[in-house]
Amino acid sequence: MRIFEDGNIGTAIDGSTASTRDGLNRRDFLKSGAAAGFVLALQLPLGNKAMAAAPAASGFAPNAFIRIAPDSTVTFVIKHHEMGQGSTTGLATILAEELDCDWAKVKTEYAPADTPTYKNLAFGAQGTGGSTAIANSWPQMRQAGATARAMLVSAAAQKWKVKPEQIQVSAGVISGPAGQKAAFGDVAAAAAKLPVPKDVPLKDPKNFVLVGKQQTRRVDSIAKCTGKAMYTMDVKLPGMLTAVIARPPAFGAQLKSFDDSAAKAVPGVKFVVKVPEGVAVVATGTWAALQGRKALKLDWDGGAAALSTEAMFADYRKRVGGAGAASVTRSEQTASGLKSAAKSVDAVYEFPYLAHAAMEPMNCVAWLHDGIIETWGGHQFPTFDQNFAAQAAGLPPEKVKLNTLVSGGSFGRRANAWSDFTVEAVNVAKAISTLPGGKVPVRVQQTREDDMRGGLYRPQYIHAVKVGLGSDGHIAGWQHTVVGQSIMAGGPMASLIKDGVDETSVEGVWPTPYALSNATVDLYSPEQPVRPLWWRSVGHTHTAFVMETLMDELAGLARQDAVAWRLNLLKEQPRLAGVLKLAAEKGGWGKTLPKGKAQGVACHFSFNTYVAQVVEVSLKPDGSPRVERVTVAVDCGVPVNPDQIAAQMEGCVGFGLAAALYGEIEIEQGKVKQGNYHEYKVLRIPDMPVVEVHIVPSTEAPTGVGEPGVPPLAPAVANALAKLTGQRVRRLPFARHKFTQA
Amino acid sequence: MLNIKVNGETREVESDPSTPLLWVIRDEFGLTGTKYGCGVAQCGACTVHVDGKPMRSCSAPTYMAAGRELTTIEGLQSAAAKAVQQAWIDLDVVQCGYCQSGQIMSAVALLAATPKPSDEDIDNAMAGNICRCATYHRIRAAIHRAAGSLTA
């Protein structure tokens, strides 16, 4: 099933046709070796235009991405969701580069839900994820900027009666050959009357003044440093109420009965309504809603009372080698290679459920009015959110107006194929709309505990791996089994699962950039009552750990240096080898360290970007690891905003380290143990290492940086710990282990 | 009815005095720069100053601020505050930004008490403020930069 450019869905379309219409399809990604967790095929109508057209342009709006006002203010319409990853600044930089506008006069706003106009060219749906924002927008934004610039130049040329080639544009000033000067606003009205030219030539990259430079600062820094940035949490509308929902205490639990008399008596509580998610208490303010929820008397059944994460691990271990495996890749030589091996590693790795734990707990404002449903939220996937909001409201998608606000982090949480936080807000708005005084906007706010205990986690996985080395040190056989829930199963992307293989479960193991012959990889995808979800870098969160710690162990068995060992297997991968060499050089790989410190290394390819990290690790007095320094080398093609690439690498290091050290969601008797940050520990400033980022200069098309810095961190730290302590971590997080220096 | 001096202006509080200060600040005073992140004083997104000292407003009943001076991110005026905000902007510290009001409030309080903080001082003063984007590397640098600009 493929998505057409017009947003409709076609079945039985061969890959080549889809490829020409979609730009990129799944097969292209596979061919390029890319693992993209977010390439979608949707079982949803996608032809929805924006509910309301963009505001009438009083200046010049040559395309859907640029408006120029008579006062020369340039407004860029940003099609990607800003969750902190800096894509607003990145897209604005690309547009401004080709437009040659004054960066100081740039304003940005977020696109309405309008799939045909604002779709992600990597997916065919409007949405942000898979580290694709810059990658898919690069040619599109360059063309949009260059086209607008050409029209401004034509208008000035006509005004001054000169040839367009005689005109220069720099930082928002248009200059003629006789010293004529015009601001964009001076010729905007005339430019608006010109036909839109096609195939306008783009700048020669050697003339870039913004792309690859350091002077473009984040467009949102000032608002976010003064408390003025508007998040969903901060939306204020006339008559708006706030709701919290009493949710099932265990996965699968059903409400038998409830008594809301005490809740309704709490001052400020306006309504108590049953919704599919539970019982919503709707009040004039957040505290009243919380007090009302506390006063509810609820009788739930036990739900999935047998569900336990420890039992799940035991079950997964038993599945290895049993029936029901899907084959990812198979080599006839694996078994014989393992049998004849001189040395081998035989290991089982265990990875827990992980919560995203974004700082802004999930929330959304919904309002049924004038025959439409209007929402305000962190709509990371407008195509999904618009359609699911419509279904919930019982309205056609064109009667859904989404207002997309910046969100307080996501890490995958807001890009879910069920639009849970949007749908629950619509459900509450709809439920109260029939009650007297209920036709008002309502913000449904999850508490931290609601958010953390609600599922939608990075799934729990195990890997069972046997690798054999021949007597000459070559890899003789590689038998690899992955067990864990499919993220795409059961959702609108299920059609992307081919022959039982959800490639987001195995990406990073297979395909692999390493020259591995004799490999056999199998996958089991058991179902669970806990809904799984993407989590920053998706499958690579666990696959990189297994592959990169194994590479270290194998190097040790072969008595080779860990970097040299990898380079020998990466002869056909110059860019991955390149970052590995750069990180090794800049991180001083192999240097003599004081006693009590050790280095570790890892490299990984994900989302079309190459990252290597060299870490320096010591132990705290209590035996827990302290990561002191991380040297990062990254090759992401043309570096659009070098400082933002560095920021993402720093953030990825901290995010990856949090999971490696502490991240674990445990379930007992169907209930999630961790509810808040004291139980689900995340990184705090004392644990943050010094991070040094080196960006490989490149003329290749830019690729993403939001996720690829995460995968190498945990294995690099594990490799350093093995060197320091002799202990090999096979179960995450590290907090489960006590380390002693060897 | 109790009074609080909010960003220099005396305000009467209508909410029940036991309401956590955070919800009075946000829902009653309409000052939304102060954020909700955890509700149990674990993340620091709700940090404000009460008589100049940092306080987690999500876990402080409003009556604790009665008759005292409350400063939120919107009311920052001091030289230290301006230096901190400028350093944050100069270094592009923010990512999602949701925690940053709280980070800045804690950093301003730190500099008021310790004008030239060491890395250890910074770790101690800022350990109660979670940033899930892990902008800590730049937070440290920005605090040093602000301290330098104040004593230059």
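The values are calculated or read from the model by the stated rules, or taken from the named source; none is laboratory data. Every value quoted in this text rests on a predicted model; they were computed, and no experiment measured them. Using ideal geometry, Cβ is built from the backbone for each residue, glycine included, and neighbour counts are taken over all protein chains shown.
Below are the figures for this structure:
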read-out: Pairs where the first residue, in the range A:699-726, is part of a loop (DSSP other than H, G, I, E, B) and the second is of a type in the set (Phe, Trp, Tyr) and surrounded by fewer than 24 Cβ atoms within 10 Å (Cβ to Cβ), C-beta under 7 Å, 6+ apart; value: A:Ala701/A:Trp138; A:Pro702/A:Trp138
read-out: Condition broken by B:Leu111, with the remaining ones in (1) over 10 Å from the mean Cα position of the chain (by Cα); (2) within 14 Å of chain A (Cβ to nearest Cβ); (3) under 23 Å from B:Arg140 (Cβ atoms) satisfied; value: (2)
read-out: Top-ranked residue in the range B:127-137 [being without any contact (Cβ under 8 Å) to a residue 60 or more places away in the chain and facing chain A (nearest Cβ under 7 Å); ranked as farthest from A:Arg448 (Cα to Cα)]; value: B:His137
read-out: Qualifying residue in the range A:390-398 (condition: touching a residue at least 60 places away in the same chain (Cβ under 8 Å), touching a Cys at 6+ places or on another chain (Cβ under 8 Å) and farther than 30 Å from A:Tyr524 by Cβ); value: no
read-out: Yes/no for A:Gly303 being within 25 Å of A:Glu503 (Cα to Cα), at pLDDT below 95 and either touching a helix residue (DSSP H, G or I) at 6+ places or on another chain (Cβ under 6 Å) or surrounded by fewer than 20 Cβ atoms within 10 Å (Cβ to Cβ) (or both); value: no
read-out: Tabulated pairs, the range A:217-241, first within 8 Å of another protein chain (Cβ to nearest Cβ) and over 13 Å from B:Gln100 (Cα atoms), second outside any strand (DSSP E or B) and of a type in the set (S, T, N, Q), C-beta under 6 angstrom, 6+ apart or interchain; value: A:Arg218/A:Thr89; A:Asp234/B:Thr32
read-out: Restricting the range A:683-698 to residues that are more than 7 Å from chain B (Cβ to nearest Cβ) and part of a loop (DSSP other than H, G, I, E, B), the residue that is farthest from A:Gly588 (Cα to Cα); value: A:Ser698
read-out: Lone qualifier among B:Thr71, B:Thr19, B:Thr34 - being touching a Lys or Arg at 6+ places or on another chain (Cβ under 7 Å), within 12 Å of chain A (Cβ to nearest Cβ) and β-branched (Val, Ile, Thr); value: B:Thr34
read-out: Strands (runs of 3 or more DSSP E) contained in the range A:411-519 and holding at least 1 residues out of contact with any Asp or Glu (no Cβ under 6 Å at 6 or more places or on another chain), surrounded by fewer than 23 Cβ atoms within 10 Å (Cβ to Cβ) and modelled with pLDDT of 95 or more; value: A:461-469, A:475-484
read-out: Residue in the range A:616-630 that is more than 18 Å from A:Met547 (Cα to Cα), in a helix (DSSP H, G or I) and out of contact with any Lys or Arg (no Cβ under 9 Å at 6 or more places or on another chain) present; value: no
read-out: Set A:Ala325, A:Ala335, A:Ala341: member being more than 14 Å from chain B (Cβ to nearest Cβ) and surrounded by fewer than 16 Cβ atoms within 10 Å (Cβ to Cβ); value: A:Ala335
read-out: Selection count where residues are in contact with a Lys or Arg (Cβ under 7 Å, 6 or more places away or on another chain) and surrounded by fewer than 22 Cβ atoms within 10 Å (Cβ to Cβ), scope the range A:208-245; value: 2
read-out: Failed criterion for A:Pro205 (all others in (1) at positive phi; (2) touching a residue at least 12 places away in the same chain (Cβ under 8 Å); (3) of a type outside the set (A, V, I, L, M) hold); value: (1)
read-out: Filtered residues of the range A:652-673 (kept if under 18 Å from A:Ala720 (Cα atoms) and at the interface with chain B (Cβ under 10 Å from one of its Cβ atoms)); value: A:Val653, A:Gly654, A:Gly656, A:Leu657, A:Ala658
read-out: Count of the range A:599-615 residues which are within 25 Å of A:Gln727 (Cα to Cα) and outside any strand (DSSP E or B); value: 0
read-out: Residue within the range A:92-106 that is crowded, with 21+ Cβ neighbours inside 10 Å and among the hydroxyl-bearing types (Ser, Thr, Tyr) present; value: yes
read-out: Subset of the range B:37-58 (residues that are facing chain A (nearest Cβ under 9 Å) and buried (at least 24 other Cβ atoms within 10 Å of the Cβ)); value: B:Gly37, B:Cys38, B:Cys43, B:Ala45
read-out: Number of the condition not met by A:Val272 [criteria: (1) touching a residue at least 24 places away in the same chain (Cβ under 8 Å); (2) within 28 Å of the chain's Cα centre (by Cα)]; value: (2)
read-out: Entirely in the range B:52-152, the helices (runs of 4 or more DSSP H) that have 2 or more residues that are touching a helix residue (DSSP H, G or I) at 6+ places or on another chain (Cβ under 9 Å) and farther than 23 Å from A:Gly654 by Cβ; value: B:79-90, B:100-113, B:136-151
read-out: Checking A:Glu650 against (1) crowded, with 24+ Cβ neighbours inside 10 Å; (2) touching a residue at least 60 places away in the same chain (Cβ under 8 Å), the condition it does not meet; value: (2)
read-out: Given (1) assigned to a helix (DSSP H, G or I); (2) of a type in the set (Phe, Trp, Tyr); (3) buried (at least 24 other Cβ atoms within 10 Å of the Cβ), number of the condition A:Trp565 does not satisfy; value: (3)
read-out: Elements of type strands (runs of 3 or more DSSP E) in the range A:39-82, at least 2 residues being surrounded by 19 or more Cβ atoms within 10 Å (Cβ to Cβ), modelled with pLDDT of 50 or more and within 21 Å of the chain's Cα centre (by Cα); value: A:74-78
read-out: Residues (free of Cβ contacts under 8 Å to residues at least 60 places away in the same chain and surrounded by 20 or more Cβ atoms within 10 Å (Cβ to Cβ)) located in the range A:359-373; value: A:Met359, A:Ile373
read-out: Which numbered condition A:Asn676 fails, given (1) within 14 Å of chain B (Cβ to nearest Cβ); (2) surrounded by fewer than 24 Cβ atoms within 10 Å (Cβ to Cβ); (3) part of a strand (DSSP E or B); value: (3)
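Here's the yes/no breakdown for (1) within 14 Å of another protein chain (Cβ to nearest Cβ); (2) in contact with a His (Cβ under 6 Å, 6 or more places away or on another chain); (3) on the phi > 0 side of the Ramachandran plot:
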site: A:Glu650; (1), (2), (3): yes, yes, no
site: A:Ala701; (1), (2), (3): no, no, no
site: A:Val710; (1), (2), (3): yes, no, no
site: A:Thr740; (1), (2), (3): no, no, no
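Table: residues versus (1) polar (S, T, N, Q); (2) under 20 Å from A:Phe411 (Cα atoms); (3) touching a Ser or Thr at 6+ places or on another chain (Cβ under 8 Å); (4) in a loop (DSSP other than H, G, I, E, B).
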{"residue": "A:Thr89", "(1), (2), (3), (4)": "yes, yes, yes, no"}
{"residue": "A:Ile94", "(1), (2), (3), (4)": "no, no, yes, no"}
{"residue": "A:Ala104", "(1), (2), (3), (4)": "no, no, no, no"}
{"residue": "A:Thr108", "(1), (2), (3), (4)": "yes, no, yes, no"}
{"residue": "A:Asn120", "(1), (2), (3), (4)": "yes, yes, yes, yes"}
{"residue": "A:Gly130", "(1), (2), (3), (4)": "no, yes, no, yes"}
{"residue": "A:Asn136", "(1), (2), (3), (4)": "yes, yes, no, no"}
